[in-house]
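The values are calculated or read from the model by the stated rules, or taken from the named source; none is laboratory data. Computed from a predicted structure; not experimentally measured. When we count neighbours, we look across all protein chains shown, and the Cβ atoms used for this are built from the backbone with ideal geometry, even at glycine. Just so you know, the surface numbers come from the protein's heavy atoms only, side chains and all, with ligands and any DNA or RNA stripped out. Shrake-Rupley method; radii C 1.70, N 1.55, O 1.52, S 1.80 Å.
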Number of protein chains: 2
Amino acid sequence: MKKINGGVSAAKGFKANGVHCGIRKNKDKLDLALITCDVRCAAASVYTKNKVKGAPLTVTKQNLSDGMAQAIICNSGNANTCNADGIEKATAMCDLVQAHTKINSGDVIVASTGVIGEPLNMQPIRDGMKSLVDGLSYDGSSFAAQAIMTTDRVQKEIAYSFELDGKECRIGGIAKGSGMINPNMATLLCFMTTDVDISSEMLNVALGKVVKDTLNMVCIDGDTSTNDMLSIMSSGLAGNGKITQKGSQFNTFCKCLQKALTYLAKEIAKDGEGATKLLECKVVKAKNTKCAKSIASSVVSSSLVKAAMFASDANWGRILCAIGYTQEQFDVSKIDVDLKSAAGTVRVCENGAGVKFDEEIATKVLSQSEVCILVDCNDGNSKATAWGCDLTYDYVRINADYRT
Amino acid sequence: MKKINGGVSAAKGFKANGVHCGIRKNKDKLDLALITCDVRCAAASVYTKNKVKGAPLTVTKQNLSDGMAQAIICNSGNANTCNADGIEKATAMCDLVQAHTKINSGDVIVASTGVIGEPLNMQPIRDGMKSLVDGLSYDGSSFAAQAIMTTDRVQKEIAYSFELDGKECRIGGIAKGSGMINPNMATLLCFMTTDVDISSEMLNVALGKVVKDTLNMVCIDGDTSTNDMLSIMSSGLAGNGKITQKGSQFNTFCKCLQKALTYLAKEIAKDGEGATKLLECKVVKAKNTKCAKSIASSVVSSSLVKAAMFASDANWGRILCAIGYTQEQFDVSKIDVDLKSAAGTVRVCENGAGVKFDEEIATKVLSQSEVCILVDCNDGNSKATAWGCDLTYDYVRINADYRT
């Protein structure tokens, strides 16, 4: 498996583009993205579990009912959610794709991200379609990646190449999301493409399997958005023998998908609103996976842990507190906690109680841009990892300012 | 029912005091509180559901196993939690009460609040006991209220008088808590006293019944502390016929307890770390109480709603989003949302979709120091209220600085 350039348009057959059409006032900010494929693709999606669902999700679900798609259109600046005319407008966006590309509107995945509850202005989208489609290219991923960003500070794209049946295959994608990020499909949009030949059924299985340990383990602020969606399209142009069941081919594909989504999950966590550092909580030797996941998520979600990490303060009592208020049953008195980073490792807690440590070294460890909290349950063989970020003044500033 | 002065020492037989003994460096900050009663009291307590429990809670539980108590000792500045010698030191605090007051150490409720995982220094407590006990008085409530404060900006006390069997009865209390506040016994300490004659069994029933709608409905930051505790002692000196079963006397008592705890719950929410305003979410016409509580808690807990409230920004989409990610089943398309305060009422959402409103008026409504988010589910007859506060720069500052 090799990291390559090209993001969402790295796989064979895929083009991408992004333009500023005018949904957002800032003319330098791209706000409309399109990804298309030269052929119809097997496709699969997972959606937010929020009961308030963005209209685009409803339309996408409908369009994906036959397991096929050929394009993704996505605007930023407005979520097209909680509006009486949401479905109508999301459908109109698919129709615009058809009008400009000849791709059937029923084969379009549609997404919107931004403010909830303000009617979406269709005029800029109509006006922007021509240049959006004209600019589609096999190396247009970064324009699409920029166009789906909201409060993100950096664009997020990844691609890997690998082999199946002696054929070179590719998988890649783009993602956005830095606030409203929480387990149950971290609040984000993620669009993946691959040229692996795989049935839409197995694509669905792969997505469900991999998302649980990647995007669902990202937590920025505990808010699960209304518009979360992860979609994947496979063009099948790599020429491998079509994957239609479980087995080693399928496992290889899942491993690569997992690698790509783990990368994007960490990128999203690192770029959490206002974040100055990536927080990783690794739980090992837990009784079972549910328990490991629950502890890992609880630690990276704790406002108090996050604020302490911002200050590079080894306030491990807050870590233990966050471990303690998970719903799982386990023995707190067996738990060890280490703080780790590129600057070293410091043990702060053993058998559920504090141990003496050098505060200066601890501060050095926590001052790195990526910090890992390692929780050893000494209680079994299961493990899990969750990602988050610190809680900073800028998180408040960004979210107090966002709409106005 | 009449609001009266006197706080935790308003009820007949109770004395209180608070001193600076030196657990905290700041000499102006009282850090050791004592509440005693002239007679042995029926007593009851509820505790944090965090699996990491402060040592003082274990000792208190043990001491309350006979349903009786006569004193409460509490220090701030150190939680005496996650230390190998925690139980020993919590027990030593009870012994110190016995040595200085003749109250049996087995009749002492002990509590600690502050940093987790640093060994508690007993010397200042030993040194401070004499002046603490010497200063006990029937109007010493405010000293005790100050001594249990950590990052609280204001002391919290309340007392009411009411009648039972023609006798004047009193109930009062003090509370602390402004960070680590979350449902399941908001992370706080609350000490209540009453002179109502009531069995410890019925005191337990009353506490369990009332805490669910009061302190458990406060949420500041989603962190449930290790040291939460609410205790109540009744001296029985009011002279009413002893309450030993349910009935109108018991209901009157519960009503007064509820009133006092509601007051303290709101005081705690209003004083949330860094808060500039009290957030109240009232849910009405819900399918059932569980659903109403879940929605109310979710709204006041949302970081994004809280940040919007800080900016007095009527970003109601975030409110609907927080409603949507509760676990309950209900019809989002029936929901109406109003924003209310002393400055007026603005409807922002009807039938789950946005309605046009005057942004200027909305900003005025949200600029008040107490803001209510009214959620009408149009789906039944149940209701619930939760309290919280806005999320501000100061929350981050306080929690990044706390330990160092």
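Annotations for the structure displayed:
- Filtering the range B:286-305 to residues that are among the polar types (S, T, N, Q) and farther than 20 Å from A:ALA400 by Cα leaves B:ASN288, B:THR289, B:SER294, B:SER297.
- Residues within the range B:325-337 that are in contact (Cβ under 8 Å) with a residue 24 or more places away in the chain and crowded, with 17+ Cβ neighbours inside 10 Å, tallied: 7
- Yes/no for A:ASP379 being closer than 18 Å to A:ALA296 by Cα, at the interface with chain B (Cβ under 10 Å from one of its Cβ atoms) and not β-branched (Val, Ile, Thr): no
- When the range B:276-304 is filtered for residues that are within 12 Å of chain A (Cβ to nearest Cβ), touching a residue at least 40 places away in the same chain (Cβ under 8 Å) and among the aliphatic types (A, V, I, L, M), the ones remaining, listed by number, are B:ILE295, B:VAL299.
- Complete set of residues in the range A:67-95 that are among the hydrophobic types (A, V, I, L, M, F, W, C), at pLDDT 95 or above, crowded, with 20+ Cβ neighbours inside 10 Å and under 13 Å from A:PRO56 (Cβ atoms): A:ILE72, A:ILE73, A:CYS74, A:ALA90, A:MET93, A:CYS94
A quick yes/no check of all residues on (1) in a helix (DSSP H, G or I); (2) within 14 Å of chain B (Cβ to nearest Cβ); (3) under 16 Å from the mean Cα position of the chain (by Cα):
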site	(1), (2), (3)
A:THR226	no, yes, yes
A:ALA238	no, no, no
A:GLN245	no, no, no
A:LEU257	yes, no, yes
A:ALA260	yes, no, yes
A:GLY272	no, yes, yes
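- Boolean, B:LYS340 is within 11 Å of another protein chain (Cβ to nearest Cβ), open to solvent by 70 Å² or more (accessible area, probe 1.4 Å) and either assigned to a strand (DSSP E or B) or among the charged types (D, E, K, R) (or both): no
- Within the range A:7-51, the set of residues being open to solvent by 30 Å² or more (accessible area, probe 1.4 Å) and touching an Asp or Glu at 6+ places or on another chain (Cβ under 9 Å) comprises A:LYS12, A:LYS15, A:HIS20, A:GLY22, A:ILE23, A:ARG24, A:ARG40, A:VAL46, A:TYR47, A:LYS49, A:LYS51.
- Members of the range A:382-404 found to be away from chain B (no Cβ under 14 Å) and either open to solvent by 70 Å² or more (accessible area, probe 1.4 Å) or assigned to a loop (DSSP other than H, G, I, E, B) (or both), listed by number: A:LYS383
- Taken over the range A:305-328, residues that are facing another protein chain (nearest Cβ under 8 Å) and not basic (Lys, Arg) amount to 15.
- In the range B:364-378 there is no residue matching the filter, namely being surrounded by fewer than 16 Cβ atoms within 10 Å (Cβ to Cβ), at pLDDT 95 or above and among the aliphatic types (A, V, I, L, M).
- Look at (1) surrounded by fewer than 24 Cβ atoms within 10 Å (Cβ to Cβ); (2) touching a residue at least 60 places away in the same chain (Cβ under 8 Å) and you find that A:GLY54 fails only one, number (1).
- Number of positions in the range B:96-142 that are surrounded by 15 or more Cβ atoms within 10 Å (Cβ to Cβ), small (Gly, Ala, Ser) and not in a helix (DSSP H, G or I): 6
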